[in-house]
Each structure stands twice: as C-alpha cells, then as structure tokens.
Amino acid sequence: MYIKNLHLKNFRNYTDETISFTPGINVIFGRNAQGKTNCAEAVYYLCTGTSPRTRRDRQMIQQGSQTAEISVQAEGRYGPIELWARITETGRELRVNGNKITRNADILGNLYSVFFSPHELRLIQDGPDERRRFLNVSISQLSRPYYIALARYNKILEQRNNLLKNKNLDDVYAMLPIWDEQLCQYAAIIISKRKEYLELLGPHAKEAHAFLTDGAEDLKVFPEHKYTGTEGEISKKLYNSLSQTYDKDIRLGFTGLGPHRDDIGIEINGKDAKTYASQGQTRTAALAIKLAEVEIFTEMSGESPVLVLDDVMSELDLPRRKMLVRKTDNLQCLITCTHAERALYGKETSKIRIENGTVVRKTPQQ
C-alpha cells in the first residue's frame, strides 16, 4: 500500500499544490513553519477522518478561504484508492473512490497509516487519555465494529453522566439500569478488542525495542483492566459493578467504571515507564510501540501501512536514526525534517523541499 500523490487546496498554508511520492522513503524537508507537518496531517486525516493536531476541522482551512480540499491517490493490494475531503466552516464532505460517505467509519480501513511525531511521547508521559486515544485510533483503522461500538458507548456514557446530575433521584435510580444494559454491551466489545490488540502489540513492541536498544533494555506493554472473559461475561461483570456504585456515581456526577477509565501498562526493565523512564527511554519506547503498530497493520490487513514520521529524526540520536531507517524496508515512509541528509544514511530516497506551502524541488531516487 502506498500513496502516489497528495493534493492540497486552501489547506493550512497550501493554496493549490500536488505532491507526488514514491513507494519507498520520501523525505519532505525545509525550514521550520514551511508546511511539512501540514502534509503529514493531511495524510493522517484522510486515513482516519481526524487530525492529530486539532479537534476543530475548520482550523485546517487556509486563512481567508471558506473551504479546504485534500485528496490522495493511492495503490493498494486490491487496486487504486482515492480518498477526498472537503472541509467547510460548518462541516465536511468525504468521498471514497468518488462515492460520498456519511459515516466516519466508512473512511477507515481504506488506507492504513501509522503516524509518529514528538507529540507521541505523550503516549508514555501523559495520563491514560493519551494511551486510550492511541488504542482507539489504531484499532478503529483495523476494525469498524470497534469504532462503531466506541461511538455508541461514548454517546450512551454522555447520556448516563447527564442523568447522574438529575436532581430527581427516583428517576435516576429507575433509569440507570436501562442505560447500563446498553452501555455494558458496547463496553464489552471495546474491552475485548483492546485486549486482543494489546496481546499482539506486546511481543512486537518488545522486539522493536530490543532492536532499537541493541538488547540493552526490555519493554513490556500490557492491558490494565479489571474484566476478563467472553464479551457476555465482561458485560455482566461490568453491569454488576456499576449497580454497586450508583451512590458514588451520583455523588461525583460521572461514571467511574468502564473502558473510558482503562489504561495500558508500560514497563522498561520491570519499572513503570510512565513514572521512571528517562527522556531518551521515553522516545525509544514510544517509537517501539509505533513500529509494533506497523507490524500489526501488516499482519492483519495483508499489506504494509504508510509510515508517517513527522519531525522525529531531530528527537533521536544518530544510532537510533540509523536503526529506524533500517526498519522502513518494504513500506512507504513519509519523513518530515529540516535537513534531508539526516534521514538518508545511504537509502535511495525521494527528496521533496517545501517552502511556504509550495514544492520548490523534488529529486527522485537519490
């Protein structure tokens, strides 16, 4: 799977530009604030339906414009793929191979992408929200049922939390079991899918981390949740637990149990990475998890995802950079950086220089 070209119109600082890529390594380089990350963002948006930088789509529209358009022409194992999006101040329109789609779920799974930037260090350093976000984006690309269950779970959770703030306690106690039955049904799907995914991720992350550290450190990634068993068993256990915390939830005004509170365990040499990892260990562990994500996508979809590395080289020392480039064999990689030579290390590469939202030089296969 690879992207042949990316078209940007009134997107961020791009007025109207088409960027062509080769199936191997593509280095998008230039000075800071020229639009390199905007390219990476556009690719990610078309793969997932969301931006890694903002929750408001309208912020991606070029200043002074009313709409933005982005599209990619790609090639997959089953033939050509075209993804297109028009973003307006009030909404957006999505098309896959020319066909209009109305659900975000329908854009998922057409073009797989793994995205890594310095901000992804939050996967280790920040709270559980970041790790749940990682799981949700990654699994949703591979499983539409997961994405649909997650969307429905979040909607019901919001309604349950609103109910908990109701002053009429008789109504609250009467309605909670009704909401909980639906909530637990979707929660069980989410918990089961996350467990399956992490069971795949753990060994791959361990292997990638050993490669990046020359075997000097051991990485362990595992699920942290309270419920096990089949989906039916998980649903029943969570339902019973929720019924025992009605008073607490009403007092706090929100739901204290469920997959919206789960976390991922990450350990380096047996110690909690979230607490004890150094900055260098954090970078390496986050990168290992992303490389493991590439392996899972390849195994489950039968083709390699597009690996997008946004300004990652500046965060790694020379040995790590060289090892990372070695890991890009047999897949398309889009690398943004300030100096193209820092990403090459003897690899044949397409170099694309960006200045103020414009391609000013492209030298294929150098």
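The values are calculated or read from the model by the stated rules, or taken from the named source; none is laboratory data. For clarity, every value in this text was computed on a predicted model and none was experimentally measured. Note that we place each Cβ from the backbone using ideal geometry, even for glycine, and neighbour counts take in every protein chain shown. SASA here: full protein model, heavy atoms, side chains in, ligands and nucleic acids out. Shrake-Rupley method; radii C 1.70, N 1.55, O 1.52, S 1.80 Å.
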message = Which residue is farthest from ARG152 (Cα to Cα), if the candidates are limited to segment 99-131 and must be open to solvent by 30 Å² or more (accessible area, probe 1.4 Å) and in a helix (DSSP H, G or I)?
response = PRO118
ask   = Can you tell which of PRO145, PRO52 is in contact (Cβ under 8 Å) with a residue 24 or more places away in the chain, loosely packed, with under 14 Cβ neighbours inside 10 Å and not in a strand (DSSP E or B)?
value = PRO145
note = Result of the Cβ filter at 7 Å on segment 238-260, keeping first residues that are without any contact (Cβ under 8 Å) to a residue 40 or more places away in the chain and partners that are charged (D, E, K, R) and open to solvent by less than 30 Å² (accessible area, probe 1.4 Å), at least 6 apart or interchain, is GLY256/ASP249
Tabulated pairs, segment 168-186, first under 26 Å from ALA151 (Cβ atoms), second surrounded by 13 or more Cβ atoms within 10 Å (Cβ to Cβ) and of a type in the set (Ser, Thr, Tyr), C-beta under 7 angstrom, 6+ apart or interchain = LEU176/TYR246; ASP180/TYR239; GLU181/TYR239; LEU183/TYR153; CYS184/SER235; CYS184/TYR239; GLN185/SER235; TYR186/TYR153
query = Pick from segment 1-11 the residues that are touching a Gly at 6+ places or on another chain (Cβ under 9 Å) and within 17 Å of VAL114 (Cα to Cα): which of them is surrounded by the fewest Cβ atoms within 10 Å (Cβ to Cβ)?
reply = TYR2
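When you scan segment 55-65, how many residues do you find that are without any contact (Cβ under 8 Å) to a residue 40 or more places away in the chain and either part of a helix (DSSP H, G or I) or in contact with a strand residue (DSSP E or B) (Cβ under 7 Å, 6 or more places away or on another chain) (or both)?
Taking segment 55-65 and keeping what is without any contact (Cβ under 8 Å) to a residue 40 or more places away in the chain, we get 55-59, 63-64.
Filter once more, so that each one left must be either part of a helix (DSSP H, G or I) or in contact with a strand residue (DSSP E or B) (Cβ under 7 Å, 6 or more places away or on another chain) (or both): 57-59.
Qualifying residue count, segment 55-65: 3.
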request  = Only residues that are in contact with a strand residue (DSSP E or B) (Cβ under 8 Å, 6 or more places away or on another chain) and farther than 16 Å from LEU123 by Cα: list them for segment 247-269, please.
outcome  = none
ask   = All but one of (1) under 24 Å from the mean Cα position of the chain (by Cα); (2) over 30 Å from LEU169 (Cα atoms) hold for ALA216; which doesn't?
value = (1)
task = Give segment 151-175 a look and list any residue that's hydrophobic (A, V, I, L, M, F, W, C) and within 33 Å of the chain's Cα centre (by Cα), or say none.
result = ALA151, ILE156, LEU157, LEU163, LEU164
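Identify the residue in segment 111-139 that is more than 9 Å from the chain's Cα centre (by Cα) and among the small types (Gly, Ala, Ser) and, among all such residues, is nearest to GLU315 (Cα to Cα).
Just the residues of segment 111-139 that are more than 9 Å from the chain's Cα centre (by Cα), to begin with: 111-112, 117-132.
When the remaining residues are screened for being among the small types (Gly, Ala, Ser), the result is 117, 127.
Values: SER117: 9, GLY127: 21 Å.
Among residues in segment 111-139 that are more than 9 Å from the chain's Cα centre (by Cα) and among the small types (Gly, Ala, Ser), the one nearest to GLU315 (Cα to Cα) is SER117.
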key: Qualifying residues in segment 69-98 (those that are of a type outside the set (Ser, Thr, Tyr) and over 22 Å from ASN5 (Cβ atoms)) - the one least open to solvent (accessible area, probe 1.4 Å)   = GLY91
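Quick one: which of LEU176, LEU164 is open to solvent by less than 20 Å² (accessible area, probe 1.4 Å), touching a Gly at 6+ places or on another chain (Cβ under 7 Å) and not small (Gly, Ala, Ser)?
Matching residue, one of LEU176, LEU164: LEU164.
Looking at segment 88-99, is at least one residue of a type in the set (D, E, K, R) and free of Cβ contacts under 8 Å to residues at least 24 places away in the same chain?
Taking segment 88-99 as the starting set, the residues that turn out to be of a type in the set (D, E, K, R) are 89, 92-93, 95.
Then keep just the ones that are free of Cβ contacts under 8 Å to residues at least 24 places away in the same chain; that gives 93, 95.
Scanning segment 88-99 turns up at least one residue that is of a type in the set (D, E, K, R) and free of Cβ contacts under 8 Å to residues at least 24 places away in the same chain.
Which of the residues belonging to segment 202-250 are open to solvent by 40 Å² or more (accessible area, probe 1.4 Å), under 30 Å from GLU158 (Cβ atoms) and part of a helix (DSSP H, G or I)? Spell out the reasoning first.
Let us first name the residues in segment 202-250 that are open to solvent by 40 Å² or more (accessible area, probe 1.4 Å), namely 203, 206-207, 211, 214-218, 220, 222-226, 228-233, 236-237, 239-240, 243-244, 247-248.
The next check asks that each one be under 30 Å from GLU158 (Cβ atoms); those that pass are 222-226, 228-233, 236-237, 239-240, 243-244, 247-248.
Across segment 202-250, the qualifying residues are GLU231, GLY232, GLU233, LYS236, LYS237, TYR239, ASN240, SER243, ASP247, LYS248.
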query = Limited to segment 12-45, what total is found for residues that are open to solvent by 10 Å² or more (accessible area, probe 1.4 Å) and of a type in the set (Gly, Ala, Ser)?
reply = 3
